Amino acid sequence: MIRRLQIKNFMSLKDVSVDLGPLNVFVGPNASGKSAIFKGLVTLAKLVNGVPVRGAKGEFNIEAGVTLDDMVWGGNSGLPITFRVWFDEDGQDPGYTLELGKGAEGWSVTREEIRSGATLIEVDSDHGFEHPTERGNARRHVAPLRATLSYLVHPFVNDSKSRPFIEPIIQLAKRFGQAYRYRPSASDIASFVMRPAEPGRAFYVAENGHGVASELQDLQGSKREVFDAIEKAICTLFPHIRAIGFRSDYRGVRLMFQTDRSEDLVPAPQESDGVLLATFLFWRLYTSGPSLKVCLEEPENGLHPFLLADRFQALKKFARREEGLPGIQLLVATHSPEFMRAVRAHPTALWKELRLVSFTAQQGTSVRSLQHFRDATTLIEDYLNEVNRVWDPVVRAWT
């Protein structure tokens, strides 16, 4: 698990340090930087797991049509983007440091440090990393690099002479794991999932939830106990649901539901948004593992306010690995007044998980953890007052 994350010069994150636990609930107004933290973590995960920084034209695509030039603080590509990560077992020094800078050739890795016990691998303008190969010629890596070490040493993972030297780099990627950011949409979850045109190509669940129908159908046949757990969770939360079903043909698959309101299976587009969003959420939670970092945007969407407390208690249960459930590190962003009111009723339940996010033009995004459960009550009152201050003139204008 990541214990602490520091990001500099990325989007609205001029210089932000965030202490992280199993479950982290980020609360703040729109455009305060909650999504920037999530995108920073996902970008770092891509780089740690071997996605190149620099393409053929010097670009690195964070997502379709978005490059690092679009993400650097203030649009100033002369600034370096820096990530530092402290894992559970790390002491004062970070277990991983990555610095990206832009030169004539585009964005590059200008500094990378990996600490593993007493081993330190350091690459910058003054230090290089070298490892032997079975062919007898040593490989030396010196910054600026076109990719992280994880990408550059990957061709040598089966090289018997290289492996002992590059093992800390390989283990770093395993220790960090994968990170995904999701903003699930009921309409995308409900939509028909086309089979990949290329033979052997796997389905992919997008950040909006599209593709989850195929994943669930695969679980039904390959890991029935996991599918049954997801189905049970949905049926418990929504008593009118009897079972999860599918309608498939040679083109693809669509999610269906058996309910107590119809003799026939009900297509997903005819079910409520709450059922669809909950189906996606439980799929993600029950198929996670301890090295997975999941960033969820507004998981309260589609739920009646009375169910919000139960939703976040479920997230907490998974994050804490209760009842033998698969462990997961969760980062959740919300600005729901209804959720905050639910927390206000039980401030001791989630105060350790709350992170207050704010933004100023000079300092950018800042994140503050609460020091005592009494702070949660004050935070919630201030937050609700701010929501009322911002929206009251808008409501008055409408009416």
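Determine the equivalent ellipsoid of the stretch 52-137 by diagonalising the alpha-carbon gyration tensor, then write out the semi-axes as square roots of 5 times the eigenvalues, largest first, rounded to whole Å. All intermediate terms of the calculation are to be shown ahead of the outcome.
Details: eigenvalues 138, 75, 28 Å².
They are 26, 19, 12 Å, listed from largest to smallest.
Have a look at the stretch 67-112 and give its Rg and Dmax from the Cα atoms, expressed in angstrom.
Calculated on Cα positions, Rg and Dmax stand at 12.7, 38 Å.
Please work out the ratio of the alpha-carbon Rg of the stretch 114-191 to 2.2 N^0.38 Å and round it to two decimals.
1.51
Probe of 1.4 angstrom, ligands and nucleic acids ignored: what's the accessible area per residue over the stretch 65-200, in square angstrom?
Counting only protein heavy atoms, the per-residue value for the stretch 65-200 is 50 Å².
For the stretch 89-171, with all protein chains present and a 1.4 Å probe, just round the carbon and sulfur fraction of the accessible area to a whole percent.
45 percent
Given contacts defined as C-alpha pairs under 8 Å and at least six residues apart, what's the relative contact order of the stretch 95-205, whole-number percent?
17 percent
Within straight cross-link reach of LYS39, meaning Cα distance under 30 Å, which lysines are found once same-chain residues fewer than 8 apart are removed?
Result set, ordered by chain and number: LYS8, LYS14, LYS57, LYS102, LYS174, LYS293, LYS316, LYS317, LYS352.
Quick one: if you stick a label point 7 Å off each Cα along the C-beta vector at VAL142 and GLU130, how many nm between them?
Once both label points are built, they end up 1.0 nm from each other.
Please report Rg over Rh for the stretch 172-320, where both radii come from the alpha carbon positions and Rh follows the Kirkwood definition.
With Rh from the inverse mean 1/r over Cα pairs, Rg/Rh is 0.96.
Ranked highest first by average number of other Cβ atoms within 10 Å, how do 223-236, 143-156 line up?
In decreasing order of mean packing, 223-236, 143-156 become 143-156, 223-236.
With the crude spin-label approximation of a point 7 Å out along Cα→Cβ, what separation in nm comes out for GLN363 versus LYS317?
3.9 nm
Just from the alpha-carbon atoms, what are the Rg and Dmax of the stretch 109-150 in angstroms?
10.9, 29
Between MET194 and ARG4, what length comes free when the chain is fully extended (0.36 nm per residue of separation minus the Cα-Cα distance, one decimal in nm)?
Working: separation 190, 0.36 × 190 = 68.40 nm, distance 3.96 nm.
Using 0.36 nm per residue and subtracting the Cα-Cα distance, I get 64.4 nm.
For the stretch 1-61, what ratio Rg/Rh do Cα atoms give with a Kirkwood hydrodynamic radius?
1.01
State, as an integer percentage, the relative contact order of the stretch 184-290 based on alpha-carbon contacts under 8 Å between residues 6 or more apart. Present the calculation step by step, with values, prior to reporting the outcome.
Numbers: 156 pairs, mean separation 32.7, N = 107.
Taking the mean separation of contacting Cα pairs over the length of the stretch 184-290, I get 31 percent.
Sorted from largest to smallest, which semi-axis lengths in Å does the alpha carbon gyration tensor of the stretch 1-153 give for its equivalent ellipsoid, taking the root of 5 times each eigenvalue?
Details: eigenvalues 143, 85, 31 Å².
One finds semi-axes of 27, 21, 12 Å for the stretch 1-153.
Kindly rank 110-118, 31-39, 126-134 from highest to lowest mean number of other beta carbons found within 10 Å of each residue.
Descending mean neighbour count gives 31-39, 110-118, 126-134.
Give me the percent of the accessible area of the stretch 195-277 that comes from carbon and sulfur atoms, probe 1.4 Å, all protein chains in place.
Details: 2150 of 4710 Å².
About 46 percent, which is the carbon plus sulfur part of the accessible surface.
The values are calculated or read from the model by the stated rules, or taken from the named source; none is laboratory data. It should be emphasised that the depicted structure is a prediction, and the values quoted were computed from it without experimental measurement. Glycine gets a Cβ as well: all are built from the backbone with ideal geometry, and neighbour counts include every protein chain shown. We work out accessible area using only protein heavy atoms, side chains counted, and drop any ligands, DNA or RNA first. Shrake-Rupley method; radii C 1.70, N 1.55, O 1.52, S 1.80 Å.
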